[in-house]
Amino acid sequence: MNPAVDKLTKYMRLEAERGHDNQAVVGGLQRMLEPWEAEARQSGLAKHFIDMVLSRLRDYPKLSPASRKEVLQGIWNRMQTEYPTAEQREGDGEVATPVAPKSKPEVASTPVETPASGIPKESTSTEKTASPPKASQPPAAKAAASDHPAIEAPLTRIQGIGPKSAKTLKRLGLETLGDLLWHLPRRYDDYSKLKTINRLWYGEEVTIIATVDDVQVRSARGGKMKLVETSISDGTGSLRLTWFNQPWIADRLKPGRAVVVSGKVDQYLGRLTMNNPEWEPLESQHLHTNRIVPVYPLTAGITAKWIRRLMNGVVPRLAPHLQDPLPASLLQSADLIPLGEAQRQVHFPDSWERLEHAQHRLAFDEMFLLQLGVLRQKRDWEQQQADPMVIDQGRFDEFVAALPYQLTAAQKTALDEIRKDLAAPRPMNRLLQGDVGSGKTVVAAVAMAIAAANDKQSALMAPTSILAEQHLHTLRDLLSAMSGMPAESIRLLIGATPEAEKREIREGLASGAIPIVVGTHALLEDPVTFADFGLAVIDEQHRFGVEQRSLLRAKGDNPSLMVMTATPIPRSLALTVFGDLELSLIDEIPPGRQKIETRLMQPIERGRAFNFTRSQIDTGHQAFIIFPLVEESEKIDAKAAVEEHERLQKEEFASYNVGLLHGRMPADEKETAMGKFRAGEIDVMVSTSVVEVGVDIPNATVMLVDGANRFGLAQLHQFRGRVGRGPHKSYCLLISDQDDEAANKRLKALESTDDGFKLADLDLEQRGPGDFLGTRQTGFVELRMASLTDVRLIEKARREAERMFAADPELSLPEHGALAKAVDRFWTGRKREVS
């Protein structure tokens, strides 16, 4: 291969793998143009081809990811036309070496092995246009897969697949016939539009039925390339077809033979052509042409045509025999097609409408099984017993009246819900969510006061020692005012707590002398026991896994649980991932909180941002400057806090005190740095995302985020909430480290709204659920067909699940037997909230 073509191919593949984020080359693809141009000219590439690549990539940074994808696809198509590689064979853009199977794969009753297995010769190339599926079966697959004996049969049962071929397929996670059913297409090409040659237009994808007129094979590029050129006609016109380095096609295309041809109409010297089209004899079943054609994830050594033939030999035979876990009554009420039909249509759809019905059925299955499990978890929790924690209205009113400020209506509503939960003879299981600065800690403090009034102990677990220490100060102030609780009764237990003090705290908790403890993961250590543990409060719940919450709750006899988050949970996630929790929402900001002015700035405006920050410090205020990394990385081209702290102290803020805070610092150093910042001894705090939650510095008026495009909207909203906590006008400056229109459009949402729920919905749509799930239940992001952003599907599945659960919570009726097995299989291995 020409070295310049090879290099360009690698750049484009890496860029596609990264989702067209213009980071395949440090500094963007445009940075490689000059050296690539020199190499291309030296290696003898045609001038018009070099000019085409340069012109298309110069404006690449300014394009949206979708437009970038189109540009790269255009270059790729031209490159395969003018400089086809030995890897490019099948015409779909898949990289594979073509050796056609000897016959259509069939399901054999006994293992059959042939020397020519039908899987092409091994290649060092891999499919790049989509990631292969995970090795494990999707949950819905397991839910249906074990009810037919052939499903579990190894792939070597298929005629033509021996151990070597099976090993190749195993790289795609395919080991059994059932695995093939759930190896779903990554996209579909529509070749169902049949047209005559005289009605063709440049650029369209069509199917033609025509007759072969002539076939020629000639050499090109000094004998290094073989071209097969064919002329076909259908009575309305003729069309030239060309295949590159596929000489065997000439042996199969005979003049006078009727063929079905599908592909994209191209143009050469003013004449319409097709390059590397799919084709089949007219009399054969149309598997690759004249239909909606599935395109599967591939791996080295497997071609698109081969795996389609394999699927066509298995799916139609097995799909009709799948046991449908959903009863007929549910299929009717939810308007769903049978499972076997869905499987057949999702692989080889008869129409786009039938495909949508199939995809909807498979997605519904996943979401329905998920909802049944969530409802089961909720019921299990509600069946547990706990001591009621009751407080009379007069005492409660005294608590509230003693607070240093009035509660908002939303806080009062949340407290009413929590009081009702605590008074019940079962443990509370509630999610308290509220936007930045909405006053969740006050609500938690009142709940702890109620627990203390019932002689029950409480623990508040925070994700960082900084936040834990801040909660300690807040709770001491609030509980002292509310109930007269001495400050020394509320203790702090973190990793940095001296061992002698830890021992004293553990003894106090075990004896009951300490009613409230605030801490981090140190609370989970085995020596920590409680005399009468009544309430566990977990702040920023997405930072903790299920096991950690279970460990904390296990230190008492079914204590009540309240998890708090300042990251607004989109409705779709509230119905699924957090569907086992009761929900309290604080959607009101306390009076007196400042509206924060947010500005998105370009990299070139960094100097202006520093000037503004200095002006705020000169008026007596303080500032945060956030960077994406702790230390510089060769892999990520982003600014790092450690290096930038040193540079900013020497250059931009030489006459000011610049502090440093990041997650890798020892706990005592972090606390010292924050203590100095609170005391006003530090003017600018350079930090990483460690300040995302809870840090409260009322005198800070500037939040400058450098590299804002590397954070999610919800996370940036949290950063913004660290300022504006005092009486002063505050500002959030967002600097993107790349001039990318699409990324900056996303960030502009922060300029236009301070509604955390709107931003959370945008974040979920653009970045997926990872930022919200944290370490909660990783099983939720393993869904294959269902999407955690599809609120309509989620609500439909929830509705049907609640109806099913109300009628038969144990799924013990005979017609629900298959469904009960499916639910168990779906949740096997998934972490349960109830320990």
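Some notes on this structure:
- Count of residues meeting criterion [of a type in the set (Asp, Glu), open to solvent by 30 Å² or more (accessible area, probe 1.4 Å) and free of Cβ contacts under 8 Å to residues at least 60 places away in the same chain] in the stretch 785-825: 2
- Residue satisfying condition, being part of a helix (DSSP H, G or I), surrounded by 24 or more Cβ atoms within 10 Å (Cβ to Cβ) and either modelled with pLDDT under 85 or in contact with a Gly (Cβ under 9 Å, 6 or more places away or on another chain) (or both), within set Asp771, Asp763: Asp763
- Hey, Ser125 modelled with pLDDT under 80, surrounded by 16 or more Cβ atoms within 10 Å (Cβ to Cβ), out of contact with any helix residue (DSSP H, G or I) (no Cβ under 8 Å at 6 or more places or on another chain) and small (Gly, Ala, Ser) or not: yes
- Among residues of the stretch 519-547 being buried (at least 18 other Cβ atoms within 10 Å of the Cβ) and modelled with pLDDT under 75, the one that is nearest to the chain's Cα centre (by Cα) is His542.
- Remark: Leu362 falls outside the filter, which requires a residue to be open to solvent by less than 10 Å² (accessible area, probe 1.4 Å) and touching a Phe, Trp or Tyr at 6+ places or on another chain (Cβ under 8 Å).
- Test set (1) in a loop (DSSP other than H, G, I, E, B); (2) modelled with pLDDT of 90 or more; (3) touching a helix residue (DSSP H, G or I) at 6+ places or on another chain (Cβ under 6 Å) - Gly663 fails condition number: (2)
- Among the candidates Gln80, Gln23, the residue that is assigned to a helix (DSSP H, G or I), at pLDDT below 85 and among the polar types (S, T, N, Q) is uniquely Gln80.
- Candidates in the stretch 557-566 are the residues that are assigned to a loop (DSSP other than H, G, I, E, B) and buried (at least 22 other Cβ atoms within 10 Å of the Cβ); of these, the one that is modelled with the highest pLDDT is Pro559.
- For the stretch 690-712, the criterion of a residue being within 23 Å of Lys440 (Cβ to Cβ), open to solvent by 10 Å² or more (accessible area, probe 1.4 Å), of a type in the set (S, T, N, Q) and in contact with a strand residue (DSSP E or B) (Cβ under 7 Å, 6 or more places away or on another chain) is satisfied by at least one position.
- Tally of residues being assigned to a helix (DSSP H, G or I) and under 40 Å from the mean Cα position of the chain (by Cα) across the stretch 26-54: 18
- Residue within the stretch 219-228 that is more than 30 Å from Trp352 (Cβ to Cβ), assigned to a loop (DSSP other than H, G, I, E, B), open to solvent by 20 Å² or more (accessible area, probe 1.4 Å) and in contact with a helix residue (DSSP H, G or I) (Cβ under 9 Å, 6 or more places away or on another chain) present: no
- Residue tally, condition touching a strand residue (DSSP E or B) at 6+ places or on another chain (Cβ under 9 Å) and either buried (at least 17 other Cβ atoms within 10 Å of the Cβ) or not in a helix (DSSP H, G or I) (or both), over the stretch 308-353: 12
- Complete set of residues in the stretch 442-473 that are open to solvent by 20 Å² or more (accessible area, probe 1.4 Å), touching a residue at least 40 places away in the same chain (Cβ under 8 Å) and assigned to a helix (DSSP H, G or I): Ala452, Ala453, Glu469, Gln470
- Top-ranked residue in the stretch 474-511 [being closer than 30 Å to Leu407 by Cβ, out of contact with any strand residue (DSSP E or B) (no Cβ under 7 Å at 6 or more places or on another chain) and assigned to a loop (DSSP other than H, G, I, E, B); ranked as least open to solvent (accessible area, probe 1.4 Å)]: Met485
- Just one of the listed residues (Ile569, Ile589) is in a loop (DSSP other than H, G, I, E, B), open to solvent by less than 40 Å² (accessible area, probe 1.4 Å) and either at pLDDT 85 or above or of a type in the set (A, V, I, L, M) (or both), namely Ile569.
- Reported count of residues in the stretch 384-412, each being assigned to a loop (DSSP other than H, G, I, E, B), open to solvent by less than 60 Å² (accessible area, probe 1.4 Å) and either of a type in the set (Lys, Arg) or within 16 Å of Leu479 (Cβ to Cβ) (or both), is 5.
The values are calculated or read from the model by the stated rules, or taken from the named source; none is laboratory data. Predicted, not measured: the structure shown is a model, and the values here were computed from it. Reconstructed Cβ throughout: ideal geometry from the backbone, glycine too, with neighbour counts over all protein chains shown. Just so you know, the surface numbers come from the protein's heavy atoms only, side chains and all, with ligands and any DNA or RNA stripped out. Shrake-Rupley method; radii C 1.70, N 1.55, O 1.52, S 1.80 Å.
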